[in-house]
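Chemist: Take a look at this one; I'll ask things after.
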Amino acid sequence: MNKFTPAKPAGARSVDEITGSRRLRRMRKADWSRRLVQENRLSVDDLIWPIFVVDGKNIREPIAAMPGVFRLSLDLAVKEAERAAKLGIPAIATFPNVELGLRDQTGSHILDPENVINRATRAIKHAVPEIGIITDAALDPFTSHGHDGILRDGIIVNDETVEQVTAAAVIQAAAGADIIAPSDMMDGRIGAIRDALDANGFQDVAIMSYATKFASAFYGPYREAVGTAGLLKGDKKTYYLDHANSDEAVREAEQDLTEGADMLMVKPGLPYLDIIRRLKDEFRMPTFAYQVSGEYSMIKAAAANGWIDGDKAMLESLLAFKRAGCDGILTYFAPEVAAMLEG
Ligand SMILES: NCC(=O)CCC(=O)O
Ligand SMILES: [Mg+2]
């Protein structure tokens with residue numbers, strides 16, 4: 001084997017000459033100094049916990065593609081909300097798995113004040129009034145085709161969907177939702193929901209807009225959780241954002257703020273940190289990320305295989321959202337990380 005000895009350049013500079021004695025490792029030398037200069041911190045106040053609810057009693061159904069996440073009947077959802085409040089988690093977001101017989105072409109069951117989402121809101125509000133409740137006014141768990149909008153002749157019709165989603169938002173507010181978070185990406189829904197909430201006396205109900213929801217492969221496990229995986233035909237590219245685009249995301253956020261959104265959300269999270277940073281810098285509004293099911297499950301799967309340290313990857317991923325400019329994160333890790341931050 002030939003041995004190669006690299007030549008030192010003539011008059012090679014010392015490291016001090018190269019750096020001008022600016023040694024950036026100095027502050028990293030010990031735990032105490034790393035803590036002292038740490039720029040971002042994750043706190044339990046940053047967490048929103050998405051939970052899945054179903055009809056029935058004493059049901060705690062595992063979701064195969066989301067280890068550690070369950071579909072909960074309302075009695076158990078209330079218990080979990082109590083646990084979340086004790087851990088200091090500020091808010092939960094509820095998503096239903098609706099029985100197939102109640103799903104139809106227009107998602108009409110979303111308008112039933114007694115549907116599982118509205119009953120969950122009332123039950124949790126009654127038992128745990130101190131926790132914030134966020135509901136999604138989207139149609140996908142209620143339609144027989146798994147789309148977020150009303151489907152007519154192969155087209156998701158915008159304005160009719162906005163009417164349906166707006167009516168659903170008012171019914172959710174009447175049930176006690178504190179924040180309406182419409183995730184369907186129809187044009188004009190934020191302004192329509194704001195007008196309708198105000199007209200019905202819900203001026204104090206806020207809107208968190210899923211302003212930039214991208215067409216993404218990372219929603220896979222969620223579709224198992226809400227039971228739309230087998231129903232969905234085609235894709236959602238005519239309403240969700242093209243994941244190649246960034247300027248378009250800024251336009252979407254600007255539009256939703258103009259229409260009255262109180263908060264912005266970017267979804268998915270980790271592959272879209274650049275979008276979070278752009279929106280935060282551009283608008284300086286409360287900005288949230290949804291660390292979606294696929295992101296959660298990737299970390300869980302790699303950890304289960306012993307390929308990564310799951311706890312460390314969880315904490316690192318959540319802190320990355322703070323660094324990117326997030327005020328908070330919707331994450332299935334919420335109770336796990338809250339317990340860790342507390343302990
Ligand atoms: N409207 C809520 C979602 O679509 C959640 C997606 C995910 O967690 O993958
Ligand atoms: Mg829009």
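The values are calculated or read from the model by the stated rules, or taken from the named source; none is laboratory data. None of these values were measured; they are calculated from a predicted model. Neighbour counts run over all protein chains shown; Cβ positions are idealised from the backbone, glycine included. Ligands, DNA and RNA are stripped out before the accessible areas are found, and what is left, the full protein with its side chains, is counted by its heavy atoms. Shrake-Rupley method; radii C 1.70, N 1.55, O 1.52, S 1.80 Å.
Chemist: Quick one: ASP187 ticks every box in (1) open to solvent by 50 Å² or more (accessible area, probe 1.4 Å); (2) closer than 21 Å to ALA81 by Cα; (3) part of a loop (DSSP other than H, G, I, E, B) bar one, so which box is it?
Modeler: So the condition that ASP187 fails would be (2).
Chemist: In region 209-260, which residues are among the β-branched types (Val, Ile, Thr), more than 16 Å from ASP140 (Cα to Cα) and over 16 Å from the mean Cα position of the chain (by Cα)?
Modeler: Of everything in region 209-260, those that are among the β-branched types (Val, Ile, Thr), more than 16 Å from ASP140 (Cα to Cα) and over 16 Å from the mean Cα position of the chain (by Cα) turn out to be VAL250, THR258.
Chemist: Report, by residue number, each residue of region 299-343 that is among the β-branched types (Val, Ile, Thr) and within 22 Å of PHE288 (Cα to Cα).
Modeler: Result: ILE299, ILE329, THR331, VAL337.
Chemist: Among the residues of region 138-158, are any touching a Phe, Trp or Tyr at 6+ places or on another chain (Cβ under 7 Å) and either within 19 Å of ALA93 (Cβ to Cβ) or without any contact (Cβ under 8 Å) to a residue 60 or more places away in the chain (or both)?
Modeler: The answer is yes; a qualifying residue exists.
Chemist: Within the bounds of region 228-247, is there any residue that is of a type in the set (Val, Ile, Thr), modelled with pLDDT under 95 and more than 16 Å from ligand 2 (Cβ to nearest atom)?
Modeler: yes
Chemist: Among the numbered criteria (1) within 14 Å of ligand 2 (Cβ to nearest atom); (2) open to solvent by 20 Å² or more (accessible area, probe 1.4 Å); (3) under 18 Å from the mean Cα position of the chain (by Cα), which one does ARG277 miss?
Modeler: If we test ARG277 against (1) within 14 Å of ligand 2 (Cβ to nearest atom); (2) open to solvent by 20 Å² or more (accessible area, probe 1.4 Å); (3) under 18 Å from the mean Cα position of the chain (by Cα), just (1) comes out false.
Chemist: Inside region 113-137, can you point out the residues that are of a type in the set (Asp, Glu) and within 25 Å of LYS213 (Cβ to Cβ)?
Modeler: ASP136, the sole residue that qualifies.
Chemist: Which condition breaks for ARG223 when tested against (1) open to solvent by 20 Å² or more (accessible area, probe 1.4 Å); (2) within 23 Å of THR135 (Cα to Cα); (3) in contact with a strand residue (DSSP E or B) (Cβ under 6 Å, 6 or more places away or on another chain)?
Modeler: (3)
Chemist: For region 84-123, which positions are more than 19 Å from LEU72 (Cβ to Cβ) and among the hydroxyl-bearing types (Ser, Thr, Tyr)?
Modeler: THR106, SER108, listed by residue number.
Chemist: Of the residues SER209, SER216, which single one is within 12 Å of ligand 2 (Cβ to nearest atom) and small (Gly, Ala, Ser)?
Modeler: Result: SER209 is the single residue among SER209, SER216 that is within 12 Å of ligand 2 (Cβ to nearest atom) and small (Gly, Ala, Ser).
Chemist: Condition test on THR258, is it among the hydroxyl-bearing types (Ser, Thr, Tyr), open to solvent by 40 Å² or more (accessible area, probe 1.4 Å) and over 30 Å from ALA127 (Cα atoms)?
Modeler: Yes: the conditions hold for THR258.
Chemist: Of the residues ALA303, ALA338, ALA313, only one is open to solvent by less than 10 Å² (accessible area, probe 1.4 Å), more than 16 Å from ligand 1 (Cβ to nearest atom) and in a helix (DSSP H, G or I); which?
Modeler: ALA338
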